[in-house]
Amino acid sequence: MKQITMTAAQISEIVNGTVCGDPQREISGISGIKDASKDQLSFVSNKKYEEMLNSSAAGIVLVCKDLAGASTENRSLVICDNVDYAFAKLTALFAEEPPAFVPGIHPTAAVDPSAKIGANVSIGANAVVEAGAQIADNAVIGALCYIGHDVSIGAGTILYPSVTVMYRCTVGAKCIIHPGVVIGADGFGFVPGPQGLVKVPQTGIVTIGNDVEIGANTTIDRARFGKTVIKDNVKIDDQVMVAHNVVVGESSILVAQAGIAGSAELGRGVIIAGQAGVNGHITIGDGCQVAGTSSVVKSLPPGQIVLGTPAEPQRDFLGRLALPKKVQKLDAKIKELEAKIKELSK
């Protein structure tokens, strides 16, 4: 982490916040609210964590408006409209630069002579680049990566070690692909035949847009025909499964161990939380949110928030969840009334 000294006033200016307490209080690092020391910056984005704020030693804390009245003894507060975004912005200032990739092709890499390699490209040890592949300027192909035949990798994209991009698939510019990702393996397609299951040829490709980030060991299958599409600015966590012919809309988020079945279409800004599943051949509208471990079995209109298995709207789920308690109360009331009737009938 870089050693930078900043005052509460300077921090406030960067994040467009408001200082409560001493504007000249200084910090020289950042940390989580539990571990932060008096010379570090931290954040609290929700009032329910007020107790953690009160017990923290952090010298400066970014807080939401609900915590504007918190104590400024031994600390300064910076009130922000969007605490998480503000802290991310400041974290970037303190972050060490990642290790630099040296342009050039490692002697142990196998690059086909027909591959087109742009300027300042780095290709690591034991990487393989097949015939017809195109790697644009400033891209990084890490050690042990496999770039298949006729694959296209966009400018400034980073493939960390052991990423596989299978034949004819395309990856856009400024993407970050973490270790172990597989792009363009065959989709899961089989049909019953007279002698057992018969493989259905997976003849399509995967196309990934610009500014996409894909977490470690995630798999994105090639289409049965046509394209599996990951649009611009999508963020995918570790160990996510995206099946053949899926479309994931711009700026959507897929959290760890989520699974999207074949030909499902996700709109713009969709959030699929951890271990949630989406059925095949359905549409998830723009801005929908699916809670963790939920299972979506039918299409959702834009803006819907769903949870449970099968997934249902938040109000319906909470109402059904509360029903047993209501029944218990009614049962107790009935027993109470029965006792009174029995007493009166004596």
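Structure values in brief
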item	result
Diffusion constant of the range 109-253 at 20 °C, which comes from Stokes-Einstein with the Kirkwood Cα-pair radius and 1.002 mPa s, µm²/s	142
Proximal aspartates and glutamates to Lys335, defined as alpha-carbon separation beneath 15 angstrom and excluding residues fewer than eight positions away on the same chain	Glu343
Charge dipole (debye, nearest 20) of the chain; +1 at Cβ of Lys and Arg, -1 at Cβ of Asp and Glu	1380
Ellipsoid semi-axes in whole angstrom, largest first, where each is sqrt(5λ) of the Cα gyration tensor of the range 9-119	42, 14, 13
Accessible surface ranking that places the most exposed of Cys175, Cys20 first, with a 1.4 angstrom probe	Cys20, Cys175
Considering only the chain, percent of DSSP beta bridges that pair antiparallel, nearest 5	15
q = 0.14 Å⁻¹, the chain: log10 I(q)/I(0) [Debye, one scatterer per Cα]	-1.13
In Hz, Karplus ³J(HN,Hα) per residue of the range 236-253 (6.51, -1.76, 1.60; θ = phi - 60°; x = Gly, Pro)	10, 7, 5, 6, 9, 10, 10, 7, 5, 6, 6, 10, 10, x, 3, 6, 7, 10
In order through the range 148-153: 3J(HN,Hα) via Karplus (6.51 cos²θ - 1.76 cosθ + 1.60), integer Hz, x for Gly, Pro	x, 4, 6, 6, 10, 10
Of Gly269, Cys80, Ala339, farthest towards positive along the dipole that unit charges on Lys, Arg, Asp, Glu beta carbons give the chain	Ala339
Orientation-averaged projected area, Cα convex hull of the range 26-72 (nm²)	2.8
Eligible lysines near Lys174 by straight Cα distance, threshold 21 Å, same-chain separation 8 or greater	Lys89, Lys116, Lys227, Lys231, Lys235
The range 1-54 shape via C-alpha gyration tensor axes, a/c threshold 1.5	oblate
Residues of type aspartates and glutamates that Lys47 reaches as a straight line, Cα spacing below 15 Å, ignoring anything fewer than 8 places off in the same chain	Asp66, Asp81, Asp84
For the range 64-188, convex hull of alpha carbons as volume per residue, Å³	153
Shape metrics for the range 210-277, restricted to C-alpha atoms - Rg then Dmax, Å	10.4, 29
Burial order of peptide ranges 209-219, 105-115 (average beta-carbon count within 10 Å, highest first)	209-219, 105-115
The range 192-346 - Rg over Rh from alpha carbon coordinates, Kirkwood radius	1.28
Accessible carbon and sulfur surface of the chain relative to its total accessible area, %, 1.4 Å	55
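The values are calculated or read from the model by the stated rules, or taken from the named source; none is laboratory data. None of the values given here were measured: they were computed from a predicted structure. Positions of Cβ are backbone-derived with ideal geometry, glycine not excepted, and every protein chain shown enters the neighbour counts. Ligands, DNA and RNA are excluded from the accessible area calculation, which covers all protein heavy atoms including side chains. Shrake-Rupley method; radii C 1.70, N 1.55, O 1.52, S 1.80 Å.
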